[in-house]
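Colleague: Sending over a structure as structure tokens; questions will come in a sec.
Please treat every number below as a calculation from the coordinates, not as lab data. No experiment lies behind these values; they were computed from the predicted model shown. Here the Cβ is made from the backbone with ideal geometry for all residues, glycine too, and neighbour counts use every protein chain on show.
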Amino acid sequence: MSLLEKHSDKVDEFIRVCHHLAAHQYVTGHGGNLAWKLEEDVVLITPTQCNKGDVNRDNVVFLNTKGEKLEGTHRPTGETPMYVNFFRERPDVQSVLHCHPPHTNSFAITEGENWLMKPLYPETITEVGPVPVVPYGEPLTQRLADNFLPFVKKYNAFLMENHGLVIMTHGDIKWTQMCTDLLEMTAKHIIGAMALGAGIKEVAYEDVKNLGNVMSTRGLPLFGAPGEHASLEDIYFGKK
């Protein structure tokens, strides 16, 4: 049985997420890419030079975690070195999504304070976490992939300077897409609040600490690699 047949339902879900990104203009042209680890050493990934609205069962690609092709008629995304690093450094991660959502991406080209690092909404605090800026690297290069290494074990979401967004989660590709939607709406709200000119209110330390209870109730793991952080408040405020 081929991998396409074995994972047929997941391939269909993967394609639906690709089409969602294109429909919402989170990706344009050939931009963006997605990867979903379906087995310990089997990764479903998008093809290179393909609009995500055109991804289908005939052009998806299966790789191992070293980036070697297992199945598929097309070449995988040129950002494959980035995904090889992600799955090597974060074996706890199941799916990764890279796209260019317009409001979130505003912070990838903005100088000054990165408000996506701040605790602003309960859902974003508990489901996405802080979003640091990874220094610029030329797309499709090992340098870009390696620029993530100081950050990848500490966080689950990353702004690529002058480029785009990467989100990784312990969940399936649909969950990672929903986290992307949540962050994009948060970014839209931040920009709206900034336009009002009255300042932005953060969620206080004790309230962030209490949101750790929400994460425990919902079975949400802390962001970053297992054991990297002791608590939710440490992630946002540092150890006290």
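Colleague: The conditions are (1) in contact (Cβ under 8 Å) with a residue 40 or more places away in the chain; (2) part of a helix (DSSP H, G or I); (3) within 24 Å of Asp92 (Cα to Cα); (4) touching a helix residue (DSSP H, G or I) at 6+ places or on another chain (Cβ under 7 Å), and Glu233 fails exactly one of them. Which is it?
Modeller: Looking at each condition in turn, Glu233 falls short on (1).
Colleague: Only one of Leu182, Leu222, Leu211 is over 24 Å from Ile109 (Cβ atoms), free of Cβ contacts under 8 Å to residues at least 60 places away in the same chain, in contact with a helix residue (DSSP H, G or I) (Cβ under 8 Å, 6 or more places away or on another chain) and aliphatic (A, V, I, L, M); which?
Modeller: Result of the check over Leu182, Leu222, Leu211: Leu222.
Colleague: If a residue must be out of contact with any Phe, Trp or Tyr (no Cβ under 9 Å at 6 or more places or on another chain) and hydrophobic (A, V, I, L, M, F, W, C), how many such residues does the range 149-184 contain?
Modeller: Final tally of qualifying residues: 5.
Colleague: Next up: Out of the residues in the range 197-215 that are in a helix (DSSP H, G or I) and among the hydrophobic types (A, V, I, L, M, F, W, C), which is nearest to Lys118 (Cα to Cα)?
Modeller: Val208
Colleague: Still on this structure: In the range 11-52, how many are touching a residue at least 60 places away in the same chain (Cβ under 8 Å), assigned to a helix (DSSP H, G or I) and within 24 Å of Pro81 (Cβ to Cβ)?
Modeller: Matching residues across the range 11-52 total 3.
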